[in-house]
Amino acid sequence: MKKDEIARQKLFDGLEEKCLQEVFEIKNLKIKLTDFYNSPLTALKKETDNTNFDILIKESKFNLINSFTEKYISEDGLEIHYLKNNDMIFLFSYGEYQPGRYMLFLESIWYYNLS
């Protein structure tokens, strides 16, 4: 796996209903919150080997907050989700930052080849 040299980007800050309506264009791909919302980072662990997964966690500086359910969060305390598309893995952090205020960040993009 190789990390893309993009900077972390805030994609959304506001009410959850509005985020659900947004379409984000990243690397010529149109992405909606519903495309990755049900894909927590722990599910990616089952699709990659432990070495690559550990590199991804370490370089992204994500924190494991519950080792039993393996929930990873960003520096802002938002849960990490992923989206696979072709040879890319997009990592997003999303959640309620303050009561009623939801934030979405593109944390990083990784290139992989599982074949």
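The values are calculated or read from the model by the stated rules, or taken from the named source; none is laboratory data. Computed from a predicted structure; not experimentally measured. Cβ placement follows ideal geometry from the backbone for every residue including glycine, while neighbour counts extend to all protein chains displayed.
Could you list all residues from segment 76-94 that are of a type in the set (D, E, K, R) and farther than 12 Å from Trp110 by Cβ?
Residues of segment 76-94 of a type in the set (D, E, K, R): 76, 79, 84, 87.
Correct list: Asp76, Glu79.
Tally time: how many residues in segment 8-62 are over 17 Å from Gly95 (Cβ atoms) and of a type in the set (Phe, Trp, Tyr)?
Result for segment 8-62: 1.
For segment 43-63, how many residues are over 18 Å from Phe105 (Cβ atoms) and aliphatic (A, V, I, L, M)?
Total satisfying the criteria: 2.
Taking the conditions exactly as written (of a type in the set (Gly, Ala, Ser), modelled with pLDDT under 95 and out of contact with any Lys or Arg (no Cβ under 6 Å at 6 or more places or on another chain)), does Gly100 satisfy them or not?
It is true that Gly100 is of a type in the set (Gly, Ala, Ser), modelled with pLDDT under 95 and out of contact with any Lys or Arg (no Cβ under 6 Å at 6 or more places or on another chain).
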